[in-house]
Amino acid sequence: MRSEEHRVAALDYAREHRAEHLEILLDYVARPSISTQNIGVAECAVHSASLLRSAGCTARIIESDGYPIVLGEMVAGPDAPTVLLYGHYDVQPPEPLEAWTSPPFEPEVRDGRVFGRGVADNKGQHLAHILAIKAYNETAGATLLNVKVLLEGEEESGSPHLDDFVRAHRDLLSCDLVITSDGGADPSGRPLVSFGVRGMLGLELEARGAAMDLHSGRFGNIAPDPAMDLVDLLASMRDPDGRIVIEGFHDDVREPTPGELELAANVPYDAHAFARELGLAEPYVNDTLAYARGVMFEPTMTINGIASGHTGEGAKSIIASHALVRLEFRLVVDQEPALILEAVRAHVAKHAPHVEVRYEGAMAPSRSSAEMPAARLIIDEVRAASGREPVVTPSAGGSLPGYVWTKTLGVPSVLVPYANHDENNHSPNENLTLDAFYGGIETSIYLLAALAQGEWRLPTEP
């Protein structure tokens, strides 16, 4: 059969087996795999490998310095293109449990959605890839290209060991392209294709004063105020317009190309609708390009949490003995987390040398070219599978370990999310619509068929 005939047969199989695929998804989501709490992760790795084998792949569980890596493979031939599909089988903690309508690990179908922890982030999405492979195996005996599926168990912990694993297994993971399906569709409801992700640097800053809380009247002006010290320090890191002013922070920020700016200008953005969605009285950003630049091309500094003093019921006149802030920077290509950490440490040493800086974790940013030969093919196939014009962005606002593919492995990486925009990932009542799940399987079928044609391949970077 020709590629198109293979695709049609695989699509027919997937549609005929939707009820079976839903049961596979429900069973997968019912298996807790919380990496940050060491709950069920190793057991879920075994199950993930069994799903790959049931799809016709060879599968192995490979130990790493953290949780196991599950690697599946289906081989078409030595001259066929090779695509690596990345996902993660670990999930976020489900708390607060009382906010769930149904138990997080007892997945339930309601109103055309599956509710359960990990259903959208990321089990349902990489399962869509696996079931597409299965559809080809059942109808044609194999896919038309070489496919590798890598599932890790530490993405929700920041993928701390993935880069070392990829460095140690370059030959095993050799491929022409990496595709990740994670995150949600565009808020407009249109499918999304992104060619990059932002990086991340997490820090804790702690200021200490006296050995105990002090009476604010007796000791105000004559004793240190750690909370005020942190407030002043944080204020010194930004100007009145919110731009980060840490020396050297922007040195390596790559300016977007004219083509990337054109893509950004075409991102759907309704300022007032966006404000309503966030519960804001008025838009925070009015201009489409300003919105797109803020999400794709500009780094951020965010206070994830701040704690000091008395915040309970009733007044308590004290100077707190210490103050703590959790600070997060989202980084853009080509910022290096290690260099940004050095810049922050230098800034703190200059403005508040008594404040302790503690490193929490980091992930480098990544971007591939939206003008590479594979880009148009992927966009065309997402359009054909969904029947809607995709929103194409040079970068997503969130973070994934894309740098291990583009920098360490030296191949382009593309993000094609399958979840609905309102998936509630990381929140109670996480969900995946049935349309998104079945649509993800069909989009994977389209992509695998089209990518079997090797003209799009790029030389692997050294």
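For this structure, a couple of remarks:
- Flag if Ala452 is under 22 Å from the mean Cα position of the chain (by Cα) and under 26 Å from Asp79 (Cα atoms): no
- When Leu203 is tested against (1) over 23 Å from Arg326 (Cβ atoms); (2) under 21 Å from the mean Cα position of the chain (by Cα); (3) assigned by TED's automatic domain parsing to the domain that holds Glu336, just one condition goes unmet, and that condition is (1).
- The range 265-322, subset hydrophobic (A, V, I, L, M, F, W, C) and in a loop (DSSP other than H, G, I, E, B), residue nearest to Leu214 (Cα to Cα): Ala320
- For the range 83-100, the candidate set comprises residues that are in contact with a helix residue (DSSP H, G or I) (Cβ under 9 Å, 6 or more places away or on another chain) and assigned to a loop (DSSP other than H, G, I, E, B); within that set, the residue that is nearest to Ser33 (Cα to Cα) is Asp90.
- Candidates Gly72, Gly66, Gly124 - the one that is of a type in the set (Gly, Ala, Ser) and either at pLDDT below 95 or not assigned by TED's automatic domain parsing to the domain that holds Gly153 (or both): Gly66
- A single entry from Pro78, Pro104 fulfils the requirement of being surrounded by fewer than 20 Cβ atoms within 10 Å (Cβ to Cβ), assigned by TED's automatic domain parsing to the domain that holds Ala450 and not hydroxyl-bearing (Ser, Thr, Tyr): Pro78.
- Residues that are assigned to a loop (DSSP other than H, G, I, E, B) and either among the charged types (D, E, K, R) or within 17 Å of Lys123 (Cβ to Cβ) (or both), drawn from the range 101-112: Ser102, Pro103, Pro104, Phe105, Glu106, Pro107, Asp111
- Boolean, Leu131 is assigned to a strand (DSSP E or B) and closer than 18 Å to Ser181 by Cβ: no
- Strands (runs of 3 or more DSSP E) completely within the range 349-462 that count 1 or more residues being more than 24 Å from Leu131 (Cα to Cα): 356-363, 391-393
- Condition check for Gly153: in contact with a Lys or Arg (Cβ under 8 Å, 6 or more places away or on another chain), at pLDDT 95 or above, buried (at least 21 other Cβ atoms within 10 Å of the Cβ) and of a type outside the set (Asp, Glu): no
- A single member of Ala10, Ala80, Ala59, Ala42 is in a helix (DSSP H, G or I) and more than 23 Å from the chain's Cα centre (by Cα), and it is Ala10.
- Options Ala135, Ala45, Ala30, Ala49: the member that is surrounded by fewer than 19 Cβ atoms within 10 Å (Cβ to Cβ) and in the same structural domain as Arg167 (by TED's automatic domain parsing): Ala30
- Answer residue from the range 158-193, given it is out of contact with any strand residue (DSSP E or B) (no Cβ under 8 Å at 6 or more places or on another chain) and not hydrophobic (A, V, I, L, M, F, W, C) and is surrounded by the fewest Cβ atoms within 10 Å (Cβ to Cβ) among those: Asp171
- The residues of the range 194-213 that are surrounded by fewer than 24 Cβ atoms within 10 Å (Cβ to Cβ) and in a strand (DSSP E or B), listed by number, are Met200, Gly202, Leu203, Glu204, Leu205, Glu206, Arg208.
- Every test in (1) at pLDDT below 95; (2) of a type in the set (A, V, I, L, M); (3) closer than 17 Å to Met237 by Cα is passed by Ala343 save one, and that test is (1).
- Any hit, the range 5-25, residues being touching an Asp or Glu at 6+ places or on another chain (Cβ under 6 Å), in the same structural domain as Ala450 (by TED's automatic domain parsing), within 22 Å of Pro401 (Cα to Cα) and of a type outside the set (A, V, I, L, M, F, W, C): no
- Glu423 vs. criteria of a type in the set (Asp, Glu) and surrounded by 16 or more Cβ atoms within 10 Å (Cβ to Cβ): yes
The values are calculated or read from the model by the stated rules, or taken from the named source; none is laboratory data. These numbers were taken from a predicted model, which means no experiment stands behind them. Backbone-built Cβ (ideal geometry, glycine too); neighbour counts: all protein chains shown.
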